[in-house]
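Below is one structure, written out as structure tokens, with a few remarks after it.
The values are calculated or read from the model by the stated rules, or taken from the named source; none is laboratory data. Everything numeric here is computed off the predicted structure, so don't read it as measured data. Here the Cβ is made from the backbone with ideal geometry for all residues, glycine too, and neighbour counts use every protein chain on show. We work out accessible area using only protein heavy atoms, side chains counted, and drop any ligands, DNA or RNA first. Shrake-Rupley method; radii C 1.70, N 1.55, O 1.52, S 1.80 Å.
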Amino acid sequence: MPRLSRRRATAVLLLFALLVLLGIVLYKPAVASRSVDYSRLPELFLRVAAHLNSSVAALEDALAGKAPGVDKEDAQRVLYELREYREELEREDETGMVVSLRKAAEAYAWLANSSIAAYEAAEVLYGSRSSVKDFLEAVLRCDAAEMSRRGALIRENLSRAAELLGEAIAGLAAVRPGDLPSEGHERLVDEAAERLARAYRALRELLKAVEIAEKYPQDLEELCRAKRNGGSAQPSPGVASAIQGLNPGDAGPYSYHISRLKALLPSPGSYQSGSAGSSAGGVGGAGGSSGAGYQSPPSDD
């Protein structure tokens with residue numbers, strides 16, 4: 001679905017959810033305390049949903065080297081208000097409606113936390129965009145020394161972004177089915193979880209490439225030299241296993257670059273690769289994606 005159409009559909013969905021939530025929140029059982037005005041809760045819930053959508057889009061943009069739209073401060077304000085409301089709900093009489101609202105406030109607080117983490121990951125990635133671009137261009141040139149040098153500059157930031165992304169995914173997983181009073185928001189959470197998982201896998205593949213460049217610069221230099229000269233090199237088991245562990249299908253905007261790095265290996269069976277399939281480093285995840293990003297025209301150099 002085109003991006004604009006998706007946003008329009010989301011806006012209609014959120015408007016419908018607002019009407020439903022207003023009916024839920026404004027209904028107050030006679031036995032419940034009326035000391036606190038909960039009429040702002042529907043608005044807060046909608047703002048959290050909007051931030052979830054926006055923060056995931058910001059992360060995807062930053063992953064591809066584009067300027068992300070980050071509104072972390074407002075997400076933090078919403079989270080603060082939700083926590084205040086939840087504390088007030090703890091003091092309310094234990095009616096079914098109060099319990100439901102308390103669970104909803106907690107669930108949306110988790111979503112707000114995830115949005116903040118995704119915004120922060122986007123900021124970290126975008127701040128490293130120039131060095132990431134330089135690293136990817138070195139991959140395309142098969143410049144092992146530059147790959148190693150640039151990789152050392154971005155590894156820490158990429159690891160931090162992966163950590164934040166893991167926090168965002170964990171926050172979504174903490175929301176229990178049924179705690180959100182809107183089915184539309186439940187679908188939004190499911191979609192956000194899938195998109196974050198794809199972004200995490202892409203970041204994992206980039207980190208694996210960086211770790212290979214840092215750990216095996218000499219091996220890569222020999223492989224690159226052999227490629228330029230039209231010959232072949234005998235890779236060590238360590239670098240062969242690490243490069244085999246790359247998965248271009250998971251690399252999203254980096255898929256072309258990762259595939260070029262993986263293509264440095266001689267044909268299967270022409271060397272002993274040790275424990276094939278292991279990866280170069282400690283970032284986890286699973287699944288697949290493809291995309292554009294810092295992609296350059298194909299070159300054999």
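What to note about this one:
- The condition of being open to solvent by 30 Å² or more (accessible area, probe 1.4 Å) and out of contact with any Pro (no Cβ under 9 Å at 6 or more places or on another chain) holds for residue 80.
- Test: residue 55 is among the hydroxyl-bearing types (Ser, Thr, Tyr), part of a helix (DSSP H, G or I) and surrounded by 19 or more Cβ atoms within 10 Å (Cβ to Cβ): yes
- Residue match in the range 131-140 (condition: open to solvent by 50 Å² or more (accessible area, probe 1.4 Å), polar (S, T, N, Q) and in contact (Cβ under 8 Å) with a residue 12 or more places away in the chain): no
- Selection from the range 107-130 of residues that are of a type in the set (Gly, Ala, Ser) and open to solvent by less than 20 Å² (accessible area, probe 1.4 Å): 107, 109, 112, 114, 115, 117, 118, 121, 122, 128
- Boolean, residue 61 is modelled with pLDDT of 95 or more, of a type in the set (Asp, Glu) and within 15 Å of the chain's Cα centre (by Cα): yes
- Figure legend. Inter-residue proximity from the range 52-64: first residues over 10 Å from residue 202 (Cβ atoms), second residues aromatic (Phe, Trp, Tyr) and open to solvent by 10 Å² or more (accessible area, probe 1.4 Å), beta-carbon distance below 7 Å, spacing 6+ or different chains. Indicated pairs: 62/126.
- Of the criteria (1) over 24 Å from the mean Cα position of the chain (by Cα); (2) open to solvent by less than 10 Å² (accessible area, probe 1.4 Å), which one residue 90 fails: (2)
- Residue within the range 112-122 that is more than 16 Å from the chain's Cα centre (by Cα) and either basic (Lys, Arg) or within 25 Å of residue 201 (Cα to Cα) (or both) present: no
- Residue list for the range 225-245, filter: surrounded by 21 or more Cβ atoms within 10 Å (Cβ to Cβ) and touching a helix residue (DSSP H, G or I) at 6+ places or on another chain (Cβ under 8 Å): 235, 239, 242, 243
- Residue within the range 98-107 that is small (Gly, Ala, Ser) and within 17 Å of residue 193 (Cβ to Cβ) present: yes
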